[in-house]
Structure formats: structure tokens, C-alpha cells
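The values are calculated or read from the model by the stated rules, or taken from the named source; none is laboratory data. Computed from a predicted structure; not experimentally measured. All Cβ positions, glycine included, derive from the backbone under ideal geometry; neighbour counts span all protein chains shown. Accessible surface is based on the protein model in full, side chains and every heavy atom, while ligands, DNA and RNA are left aside. Shrake-Rupley method; radii C 1.70, N 1.55, O 1.52, S 1.80 Å.
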Amino acid sequence: MIRVALVEDYLPQIQRMEEILNQIQQEEQLNLQIAVFTDGESFSALPAHSFDLALLDIQMDKMDGMEAAAKIREQDEDLIIIFITNLAQYAIQGYAVQAMDFILKPVNPILFKEKLMKAVRRIEKKQKEKRIPMKTDRGQVWLEMNEILYVEIVARHLQIHTETQVLRCNEPLQNIQAILDERFFRCHVAYLVNMDYVRQIRKSTVFVGEDQLLISKYRRKEFMEALTKHVGRLL
């Protein structure tokens, strides 16, 4: 999921941007959570890291987009900012707040999609590299999500399989699943697999890395659909 803040005070422009975003979301099979703010002041007052991407109008009442971006940058260095403006001259000021890009009004849907997808890929890459804490038999270990091939239940304990090691964990599987991203699918009551590492599916068996795991007959169809969608996103 990618959290997008649309900060704009002109209703017709809000409606137009939502239409474009929803169209791109359908075309690219994205999972965007879009929230609208009608002034920079209310948006900049949110806690740091509330959003992944901000589409900021520059000219607004109360607090304009440039001032809001400067305030946000004091606490959040990760937020990707794309300015939306009538005047290209504002783009130079955007460098002061590390804006990724800017879009001129009226918004060209094709150009906007190109710039939005650039931001999406950057966010997805960062999410994949996110390190998460795991309480294991070796103490607390920090793992990157893309290190994990699959998680397995063995004798009521979890085994976390990476390419280089197997870690034992006492957390319930649903707790681990809750902190992992959409790459991970529970194909069987005993397995949570990283679809990035699926090499082959043969009847009721999935090949993950060098291992062969079972697929529940009740979850096979859903798993195949999720895998097809996931592979399509990577192409």
C-alpha cells in the first residue's frame, strides 16, 4: 500500500486529480490510499511519516505548499514531494525542500502518470528494503523483507527461512504476517511465502528458492491469482 496525500484547495482540481489517480491505479494495479487536504497547514501538522507521497499545490490560502513542505521536511526526510503549480518558476524553489518533481496545471494525465510511477517505484523499492525486528532463538534480529524466502510453522514454532540461514521464532504467524508486505502470501496453513522467490508451481506444490512447499487446495486459486498479479507488476 502507498499512502498518497493530495493537498489542493480548488474543488474541481481535487476531483480531476482523484479521477486521474483512480485511473492510473486501475491501469497499473496499484494499491493507493488517497487522502485529501484542502490547505497546507492541516497537512503539515500531521505526525512525520504519515504518508509516502505528497501531491502539493503551491498556491493555497492559509499555508501554501512550499511553506508546508519546508515544515514537513524538518521531521520527515523520506516523504516524496511532487508540486502541482500554474507557474514553472516555482520549480526552482522546490529543490530547497528536496521535491522529486513538479507538474504544471492543467495536468497532463500522460505526463503525470509517468512522474507518479517514478515515485511509486522509488517507494516500492524502499518498502522492499525495509528492515523489521524479529524475536528469534538468537535474540532480536533485524531482517530486510527481501531476505525472507518463506515462514514455516514447525511444531508450533515459526522457522524463518532466508537464503543463508533458518531462524526460529516464537511469534504467532499472524503477527509476522501483519508486518510483512503484499509480496507475502499464505498459500497453506503452515506456510507464508515471498512471491518474489517462487520459481515454479506444480499441482499442489510451490517451489520457493530450493525448497518445495505445499499449497492448500482451498487457497490454490487465490494464490495463483495473487501470484499472476504480482508477476505482472514486476514486468
(request) Look through the stretch 6-38, keep the residues that are among the charged types (D, E, K, R), open to solvent by 20 Å² or more (accessible area, probe 1.4 Å) and more than 19 Å from the chain's Cα centre (by Cα), and return whichever of them is modelled with the lowest pLDDT. (result) Asp9
(message) touching a helix residue (DSSP H, G or I) at 6+ places or on another chain (Cβ under 7 Å), more than 24 Å from Ala5 (Cα to Cα) and at pLDDT below 85: which single residue out of Asn146, Asn170 fits that description?
(response) Asn146
(request) Can you run down the residue pairs with Cβ atoms below 7 Å, 6 or more apart or on separate chains, where the first is in the stretch 199-224 and part of a loop (DSSP other than H, G, I, E, B) and of a type in the set (Val, Ile, Thr) and the partner is modelled with pLDDT of 90 or more and open to solvent by 20 Å² or more (accessible area, probe 1.4 Å)? (result) Ile215/His188; Ile215/Ser204; Ile215/Thr205
(request) Go over the candidates Arg199, Arg156, Arg220 one by one and state the one that is out of contact with any helix residue (DSSP H, G or I) (no Cβ under 6 Å at 6 or more places or on another chain) and under 25 Å from Glu129 (Cα atoms). (result) Arg199
(message) Which condition from (1) open to solvent by 30 Å² or more (accessible area, probe 1.4 Å); (2) not in a helix (DSSP H, G or I) is the one that Glu41 breaks?
(response) (2)
(message) Looking at Arg122, Arg138, Arg219, can you tell me which residue is surrounded by fewer than 16 Cβ atoms within 10 Å (Cβ to Cβ), touching a strand residue (DSSP E or B) at 6+ places or on another chain (Cβ under 8 Å) and at pLDDT 90 or above?
(response) Arg122
(message) Residue pairs, Cβ under 9 Å, 6 or more apart or interchain, first in the stretch 63-81 and surrounded by fewer than 21 Cβ atoms within 10 Å (Cβ to Cβ), second among the hydroxyl-bearing types (Ser, Thr, Tyr) and not in a helix (DSSP H, G or I). List them.
(response) Asp76/Ser50
(message) Which numbered condition in (1) more than 25 Å from His230 (Cβ to Cβ); (2) in contact with a helix residue (DSSP H, G or I) (Cβ under 6 Å, 6 or more places away or on another chain) is the only one that Lys128 fails?
(response) (1)
